[in-house]
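Down below is the structure, laid out as structure tokens.
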Amino acid sequence: MRPSLLKSAAIVVAATLALPTVALANEELLKMEGDPNQWVTQLGNYSGTRYSGLDQINSENVGDLQVAWSFSTGVLRGHEGGPLVIGDVMYIHTPFPNIVYALDLNEPGKVIWKYEPRQDPDVIPVMCCDTVNRGVAYGNGMIFLNQADTTLVALDAKTGEVKWTAVNGDPTKGETATMSPLVVKDKVIVGNSGAEFGVRGHMTAYDINTGEMAWRAYSTGPDEELLVNPQETTHLGEPIGEDSSLKTWEGDQWKIGGGTTWGWITYDPELDLIYYGTGNPSTWNPSQRPGDNRWSMTLFARDPDDGMAKWVYQMTPHDEWDYDGVNESLLVDDLEVNGEMHNVLVHFDRNGFAYTMDRETGELLVAEKYDPAVNWATEVDMETGRPQVVAEYSTDEQGEDTNVQGICPAALGTKDQQPSTYSPKTGLFYVPTNHVCMDYEPYRVAYTAGQPYVGATLSMYPAPGGDHLGNFIAWDAAKGEIVWSNPEPFSVWSGALATAGDIVFYGTLEGYLKAVDAKTGEELYSFRTPSGIIGNVNTYTHDGKQYIAVLSGVGGWAGIGLAAGLTESTAGLGAVGAYQSLSNYTQLGGTLTVFALPE
Amino acid sequence: MMRTYLLGRALWLCLFAAAGFVCFDAAPATAQEEEKPYSITDGKVDWYTYSGYRRYHGECHVCHGPDGLGSSFGPSLVNSLKTLSYDEYLEVVVNGRQNVSQASHRAMPAFGMNPNVMCFVDDIYAYLKARSDGALGRGRPEHGPKPDEARERDNACLGF
């Protein structure tokens, strides 16, 4: 009697406690991300550190790693993003047509359910750089998929049944989706893609239970559409003032001005702020858009409840090189910079500078090159935050129809979206990078809705003096220094994973999954998966045993040149010139590979 | 050069007429058997062929690969133009094409309303034909200066 009464009471108490937080999915996610046996968000946790406390697989035994099981996704094009693991179920996704599989870990590879949306194939050719998708999100018993055609769909995590859908954009105008949503409190937050089609970027929040739009914050335009307070929203400590965006564009160009939001979002539950970056201004021809083009190429700190911006920081005013600012911001506490402790945000930008900022105030603490090849700017002025642009490499100054040569990094940046990782054990950041330079020739283009709006042709090639296109580096974000750097034949286009086993994992474009020593960078393990890896590595346990999982399936920007074959020519076109010989190493095919230590 | 310019005008006539389908009639198919759409002198291509190189690599290469060689998901136009006539080329550019099935997720958009493609559709053809004929290698071609008439043509067609 008594025990039963107590039990009932406990249930009532639990229910009461649970009630006010039912809508707050982040409490559930916060609890789950603290459990290293699962992998509940694409970046491993809200801080975006992609760090796991698991250490069964460690620097001593990782050399013995073996393939435990594998699974073909049935789709050929580029596989970005990675698996989630919630309890006994693994969720994986594919590029267009954006299939989602729920796989049973009790019977590895068995499909519990499969969801395949019906999408108009017209969306395929309006995706600039392959039909990639960076993965699903979990929250409140649902799986959220941001489809290529911008439909955000909520699926029952147990059955795959559609709970609701929301349409976030119009693919006939070139608006598409590739990024992975983030669940924060009672909202699902999603960005858009399509700056190469003159799309106007925005971040949008939907109600997690109904799919109703809660707020939308544009990257460009009038203050009320930016969701800023001219007096309270700051840029490096100063209020941004009225019409901060409109003043920096000529005419109506901001309406087709890009600044899409196709990268990663991170979240600080203490400060209650989300962090993300905006992409390139549109077009790629800078002469057609005089001004700073705010707030393209900008880090935003926003309130997830109403979207209001607390602070902004524009890394590349008036972009002339396509250095999108969308890369992830890793959130790390108590980093000592110049003798003072800060809760920081660390952001490895496409423009080749790594930024360490105080994430509460938006103060710029460190901005240093994380590839010595970077030459388009000498440094970042720490007062104004502006990069000091070298005239020789200014495609605006050199003008339309001029082929500006030898710019480093290339348009794909010193690093693209492939997320980095941070180990609290070493205090180091581990970053997959590109070591590629370019020629850039801008020219005049006209805008037509739903059609490419690019305005430049590019050639890419290895950085001077090098015969390799990538590096995997360890970075000290307090000092702004490279600690070690491993050259790779091709760009490292895979998201990295650091673990308590003192090892760091990443994939390569040839298809190798590698493990290196977190302190020294020494390679401890490598295995060749069926295709090039542009997906992100994760780890989890099942029945007490640790596994490593990764999607392979080459493609994305790196895959554009894949079929072209080997040539000594460096001239060409965006990513392709640099990746011509990749087809000698790998071919298409989406596969999940899961690794474990032998029994 | 002259022929390139003429074809451009003929095309626009057909576009304004009916979004593409009448292009077969509007384009003077007989002309192209008589004359190459490109010229190469002392290793330098004419401006229009160079313009085709630039526009190809602005609008087309993200699917059809560098130098017209194809990508992981788009066919090689260096091969296609060995068999595709000018008229067929124009038809596909204007109207697009789809091949979507369980095994294939290929689709080409209709560029008929895109001035960045259609204003230069003959330039792009000249470039690809030079590649397809083996007259032009990979990479950025050496080229002659931009003639005033090309500047005027570009601005008039793009509406600047």
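The values are calculated or read from the model by the stated rules, or taken from the named source; none is laboratory data. All figures in this text were calculated on a predicted structure; none of them were measured in a lab. Every residue, glycine as well, gets a Cβ built from its backbone with ideal geometry; the counts of neighbours run over all protein chains shown.
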Members of the stretch A:138-165 found to be in contact with a Gly (Cβ under 6 Å, 6 or more places away or on another chain) and crowded, with 20+ Cβ neighbours inside 10 Å, listed by number: A:150, A:157
Answer from B:136, B:128 - the residue that is more than 10 Å from chain A (Cβ to nearest Cβ), aliphatic (A, V, I, L, M) and assigned to a loop (DSSP other than H, G, I, E, B): B:136
Any hit, the stretch A:230-240, residues being under 15 Å from residue A:313 (Cα atoms) and touching a helix residue (DSSP H, G or I) at 6+ places or on another chain (Cβ under 7 Å): yes
Pick from the stretch A:130-168, criterion among the small types (Gly, Ala, Ser) and within 20 Å of the chain's Cα centre (by Cα), ranking: farthest from residue A:81 (Cα to Cα): A:139
Residue in the stretch A:167-174 that is surrounded by fewer than 24 Cβ atoms within 10 Å (Cβ to Cβ) and in contact with a Phe, Trp or Tyr (Cβ under 9 Å, 6 or more places away or on another chain) present: yes
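It is to be established whether one or more residues within the stretch A:469-476 are at pLDDT below 95 and of a type outside the set (Ser, Thr, Tyr).
Checked the stretch A:469-476: at least one residue is at pLDDT below 95 and of a type outside the set (Ser, Thr, Tyr).
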Residue within the stretch A:213-230 that is farther than 21 Å from residue A:173 by Cβ, within 25 Å of the chain's Cα centre (by Cα) and not hydrophobic (A, V, I, L, M, F, W, C) present: no
Residues (surrounded by 24 or more Cβ atoms within 10 Å (Cβ to Cβ), at pLDDT 95 or above and part of a loop (DSSP other than H, G, I, E, B)) located in the stretch A:73-93: A:79, A:80, A:81, A:82, A:83
Identity of the residue in the stretch A:484-512, modelled with pLDDT of 95 or more, polar (S, T, N, Q) and in a loop (DSSP other than H, G, I, E, B), that ends up farthest from residue A:582 (Cα to Cα): A:494
Residues (buried (at least 24 other Cβ atoms within 10 Å of the Cβ), under 17 Å from residue B:105 (Cα atoms), at the interface with chain A (Cβ under 7 Å from one of its Cβ atoms) and not hydroxyl-bearing (Ser, Thr, Tyr)) located in the stretch B:64-79: B:65, B:73
Residue count for the stretch A:521-543, restricted to those that are at positive phi and of a type in the set (Gly, Ala, Ser): 1
Subset of the stretch A:43-69 [within 12 Å of residue A:536 (Cα to Cα) and in contact with a Pro (Cβ under 8 Å, 6 or more places away or on another chain)]: A:43, A:50
Answer residue from the stretch A:110-133, given it is of a type in the set (Lys, Arg) and touching a strand residue (DSSP E or B) at 6+ places or on another chain (Cβ under 8 Å) and is farthest from the other protein chains (Cβ to nearest Cβ) among those: A:110
Candidates A:499, A:448 - the one that is farther than 27 Å from residue A:407 by Cα and within 14 Å of another protein chain (Cβ to nearest Cβ): A:448
Candidate set: the stretch A:451-464, residues that are hydrophobic (A, V, I, L, M, F, W, C) and facing another protein chain (nearest Cβ under 7 Å); chosen: the one surrounded by the fewest Cβ atoms within 10 Å (Cβ to Cβ): A:456
Residue within the stretch A:386-396 that is in a strand (DSSP E or B), within 14 Å of chain B (Cβ to nearest Cβ) and within 21 Å of residue A:257 (Cβ to Cβ) present: no
Among residues of the stretch B:85-97, those that are surrounded by fewer than 16 Cβ atoms within 10 Å (Cβ to Cβ) and at the interface with chain A (Cβ under 10 Å from one of its Cβ atoms), counted: 1
Residue under evaluation residue B:117, criteria (1) more than 7 Å from every other protein chain (Cβ to nearest Cβ); (2) surrounded by 17 or more Cβ atoms within 10 Å (Cβ to Cβ); (3) free of Cβ contacts under 8 Å to residues at least 60 places away in the same chain; (4) closer than 19 Å to residue B:49 by Cβ, criterion not met: (3)
Total residues in the stretch A:500-538, condition closer than 22 Å to residue A:76 by Cβ, of a type outside the set (Val, Ile, Thr) and under 18 Å from the mean Cα position of the chain (by Cα): 4
Of the criteria (1) without any contact (Cβ under 8 Å) to a residue 24 or more places away in the chain; (2) within 17 Å of residue A:234 (Cβ to Cβ); (3) surrounded by fewer than 19 Cβ atoms within 10 Å (Cβ to Cβ), which one residue A:361 fails: (1)
